[in-house]
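Inspection log for the structure reproduced underneath, given as structure tokens.
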Amino acid sequence: LSYYKLILDSGSWESVSIVHQGTAMPVLEPLIEECIRRSIRVETQSGTLKEDLELLLMATTIAAGRGSFIPQIVGLSKCIKNVYFFENGFGLAAPKPRIRITRVTDTDGRYLSGVLSNNWRNTQEQRQLMVSYPAESLRLDG
């Protein structure tokens, strides 16, 4: 959650579209609430692959989750200008010089060691860390 809050702090956002795979993600509801608290129009989408691709390919800024899906979207998109990613969770196969890529790092290291060290077990402690980790322990690089 602090990853997304840090990104929200980094700019002036009129709207946020959250493309997700289901409501079980611990950060989904708190992120929606954070957008509402900041008076940012927020919409969620968990549609068909075609629907999700259409929305993502129209985006100008993306905060990438973990995995290989978003780098492929960025590679295909003609609209994306800014990409945020957490730690080493983003690899763009072919560089696109017109895109500004910003890495968010865990300066404290507790999130990295607790959740992102090939140790994901979906435990209560890990899920709690996802929603309570302090933004002060993260830094924007890039």
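The values are calculated or read from the model by the stated rules, or taken from the named source; none is laboratory data. Predicted model only: the values in this text are computed from it and were never measured. Neighbour counts are summed over all protein chains in view; Cβ atoms, including those assigned to glycine, are modelled from backbone coordinates with ideal geometry. Quick note on the areas: whole protein, heavy atoms, side chains included, nothing else; ligands and nucleic acids left out. Shrake-Rupley method; radii C 1.70, N 1.55, O 1.52, S 1.80 Å.
Only residues that are more than 18 Å from the chain's Cα centre (by Cα) and of a type in the set (D, E, K, R): list them for segment 92-137, please.
Passing the criteria: 96, 98, 108, 110, 121, 125.
Is at least one residue of segment 44-54 under 14 Å from the mean Cα position of the chain (by Cα) and of a type outside the set (A, V, I, L, M)?
Checked segment 44-54: at least one residue is under 14 Å from the mean Cα position of the chain (by Cα) and of a type outside the set (A, V, I, L, M).
What pairs come out if I take residues in segment 107-131 that are of a type outside the set (Gly, Ala, Ser) and pair them with residues that are at pLDDT 95 or above and open to solvent by 40 Å² or more (accessible area, probe 1.4 Å) whose C-beta lies under 7 Å away, six or more apart or interchain?
Every condition considered, the pairs that remain are 107/139.
Within segment 10-27, work out how many residues are within 15 Å of the chain's Cα centre (by Cα), at pLDDT 95 or above, of a type outside the set (Gly, Ala, Ser) and surrounded by fewer than 19 Cβ atoms within 10 Å (Cβ to Cβ).
Selection size over segment 10-27: 2.
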